[in-house]
Amino acid sequence: MTLHCSAAVVVPFDVDVLAGALDSLANTATVEGGGSLNPSSSTATVRTVGGNLTITKSHQGSFSRGQRGAAYSIVVSNTTSFATNGLVTVNDTLPSGVTATAMSGPGWNCSVQSTSCTRSDVLTAGAYPPITLVVDIATTAPGTLTNTVVVSGGGDTNASDKSASDTATLAGP
């Protein structure tokens, strides 16, 4: 897109980024004319960079009805070398018969009431420290529990691979 202005003005404009666009986008603006003696100060580039966040969820051992303190591990990773930017949010949807009792992870701001965590620090390739979600399982819980977690934000423009599920078959009656 080219914008032409004949006076000293600030020209704001919006850009729509299409699904499937590259993870790293650059927008360069150049000012010409006006008697500038330093052409290098007439160009500015703004980069929009967002990594590709993925999420995994797992548990160790077996779960049973009436169990207290069952634990899930949630890991958010960036699969690109492009840094995340902005708030990253993790939302966990508990199945029927499961109650969250604790949720935390180094650097995460978590709420056990909403079973969600946030953070806004930059992540290049790799993973944030894991989130541990501790739950109690009701004696009336169904025989199979499927727990789903979703990650969003961080400047990620890839709509796929943003959720993960963990299924546990309960031991006991």
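The values are calculated or read from the model by the stated rules, or taken from the named source; none is laboratory data. This structure is a prediction, so every number in the text was calculated from the model and none was measured. With ideal geometry, Cβ positions are generated from the backbone for all residues, glycine too; neighbour counts draw on all protein chains shown.
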Flagged in the stretch 146-173 as of a type in the set (Ser, Thr, Tyr) and either closer than 23 Å to Gly66 by Cα or assigned to a loop (DSSP other than H, G, I, E, B) (or both), in numbering order, are Thr146, Thr148, Thr157, Ser160, Ser165, Thr167, Thr169
Worksheet item: Is it true that Arg68 is buried (at least 18 other Cβ atoms within 10 Å of the Cβ) and in contact (Cβ under 8 Å) with a residue 24 or more places away in the chain?
Response: no
Of (1) at pLDDT below 95; (2) surrounded by fewer than 19 Cβ atoms within 10 Å (Cβ to Cβ), Thr89 satisfies every one except (1)
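Only residues that are under 14 Å from Val88 (Cα atoms) and in contact with an Asp or Glu (Cβ under 7 Å, 6 or more places away or on another chain): list them for the stretch 143-156, please.
Residue satisfying the conditions is Val149 alone.
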Condition (residue is farther than 21 Å from Gly50 by Cα, out of contact with any helix residue (DSSP H, G or I) (no Cβ under 6 Å at 6 or more places or on another chain) and touching a residue at least 40 places away in the same chain (Cβ under 8 Å)) applied to the stretch 98-112: is it met by at least one residue? yes
Note on the stretch 105-136: residues part of a strand (DSSP E or B), surrounded by 14 or more Cβ atoms within 10 Å (Cβ to Cβ) and of a type in the set (Ser, Thr, Tyr) are Ser116, Thr118, Thr132
